[in-house]
Each structure stands twice: as C-alpha cells, then as structure tokens.
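Single-structure report; data block below.
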Amino acid sequence: TNFPITSNFVNDYSIDKLSSIDKIKIALQADGTKLTWKNNNDEVLERGTKGGYNYSLNISKPRKIERLIYLLDDANIEYVKNEIPNTNNKICFRIKFDNDFDYKDFDWVDLTNKSKNWIFEFVDELKHWDGHIDKKTNEHFTYCSTNKKCAELVMGLCALIGLRSHISISEDNRQESYKTSYRVYIQNTGKDTIVSKHFKVDKEFYSGMVGCITVPSGGLITKYDSKIAISGNCHARAGITILNIIFNENPK
C-alpha cells in the first residue's frame, strides 16, 4: 500500500524570498539571548528600551560567525562583536533588533502570503543554526530544538512542501537543568508516498456527532504520535489513483 506522507499544498503567494531579517530571527531562536540588567530594587529588566543593544549571540563556529556577520550587514542591523576570553575564539555579538516578537518561538511565521519557495528557504536556513547535514547525501539533515512547538512547526512546514520528516524525542535526565530535545529528521527523497507493509487499522465503537472536514485541495495534513500523514476528503486521493490506473490501462 502506498501511504501518502507529504504533499505540495502551498500556492504561489506574493512573498517568495526569505529576508535577512527572517534569517536573523532563526539565528536568534537557535543561539540568541535577551540582554538584561538589575536596578536598585533587584528587578531584572530588559536592555535596549532606549535604543541600545537588546540581544546577544555567543558563537564559536566560524561558519556561523561568517554567516551572522553577512546577515547583519545585509539587513543593516547595528551590532558590536567581541572575543570572549578563555573560550577558544568564541565571539559575542550584541545587536539592536526588533523587540516585538517571541524570539524563542516561531510564532512570527505567517504563511498567508508566503510561497512554497519561502518555506523551502526557511527550512534550508535551519541547517546553518540548529541543523546537522548528512554529509553522505547532502539532501537529508536533522533539525534539533528543545522547543517542541518549533520542532512541530518545522515538521508541518516540511509536509507542506513535499519533504519527508519525523520527530524523535531525546530525554536527558543527567541534570535538572538539561532539557528534552526534539530532533526533526528531514529527507528530500522526491517522493510523496512510502510503501506500508504493516499498516494496522483499529476499529473502535463511537457514538456521537462526526464532522467532515472539507478543503479545496482535497488533502488534509494529519499528525499522530509525532508522525505526519496526508489524508483526503472521502478518499479523494485514492479515487484519483484509481482513475489514473484505469486511464493508463485503457487509454482509449
């Protein structure tokens, strides 16, 4: 049985390119920190309220340092950078940036006017910050985050543009401060189905109202237990498959 796992639901909306500002937001989610200070009453307050530097990023990898400098210069963002002593060339960037968004979430992502290419560039940008590229293929990579919402959003975006993905959860109980990690394994196989040889269907008795969800494309993204699948209105996809088989076998 061919089981649908991805699709291409995104229309050609007006915004087609991921901006440098958006890319900096991705970098902040991965490596950023809000700058704070304490007043005489021992209250912790955010810096930058009077136009100063309000975020910092401490980065050691040369490729990240080079990329961040490029993005900040391209977006005309004011910043200073200093080497942190006794840290093996780690650089501290302090930047002046938008304060009106939750920098540790991806809630700022709005797809109502974004194209498929914008989403591709968003997912691709993750490689540079919280991503690990499979060197054997250069097509597959892993996105890792301690923020479950971010991981699930990334998995949903992959499903929208035809990339196969799934999440694995890694518990770290060595110390109380250690957080659970969510790893999104992303594959660009060029296929929107997988062959399911052990597909199990469970039937359960249900009494009550049943809703029928209808969307113009006929395709619904569903998620269960960190797995993504595509289902259709009244088996729309299965009907199309059957018709294609009939047309292939009987062209006339």
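Counting only protein heavy atoms and a 1.4 Å probe, the stretch 58-190 has 57 square angstrom of accessible area per residue. Computed from phi, the 3J(HN,Hα) profile of the stretch 30-43 under the Karplus parametrisation 6.51, -1.76, 1.60 (θ = phi - 60°) reads 7, 10, x, 9, 6, 7, 9, 8, 10, 8, 5, 8, 6, 8 Hz, with x in place of Gly and Pro.
Would you mind getting me the FRET efficiency between K252 and L220? Use the beta-carbon distance for r and R0 = 30 Å, nearest 0.05. Once rounded, the FRET efficiency stands at 0.30. Per-residue 3J(HN,Hα) values for the stretch 202-209, derived from phi via the Karplus relation 6.51 cos²θ - 1.76 cosθ + 1.60 with θ = phi - 60°, read 9, 9, 10, 5, 9, 10, x, 6 Hz in sequence order (x marks Gly and Pro). Note on the stretch 102-151: dipole from Cβ charges, positive end direction compared against H132, C150, I119; the farthest Cα belongs to H132.
What is the percent of Cα-Cα separations in the stretch 6-104 that go past 16 Å? If you can, show how the numbers build up before the last one.
On the way: 3032 of 4851 pairs.
Beyond 16 Å sits 63 percent of the P(r) for the stretch 6-104.
Counting 0.36 nm for each residue step from S14 to M209 and taking away their Cα separation leaves a gain of 66.3 nm. In straight-distance terms, cross-link reach from K203 covers every one of the lysines whose alpha-carbon lies under 29 Å from its own, apart from those fewer than eight places away in the same chain; here that gives K223, K227.
If you take all other residues with their beta carbon under 9 Å from the beta carbon of D31, and give Lys and Arg +1 and Asp and Glu -1, the sum is 0.
For L35, the amide hydrogen comes within under 5 Å of the amide hydrogens of R47, Y55, S56, counting only partners 5 or more places away or on other chains and with H modelled in the peptide plane.
The values are calculated or read from the model by the stated rules, or taken from the named source; none is laboratory data. This structure is a prediction, so every number in the text was calculated from the model and none was measured. Glycine also receives a Cβ, built like all others from the backbone with ideal geometry; neighbour counts cover every protein chain displayed. Side chains are part of the model used for accessible areas, which takes the heavy atoms of the whole protein and leaves out ligands, DNA and RNA. Shrake-Rupley method; radii C 1.70, N 1.55, O 1.52, S 1.80 Å.
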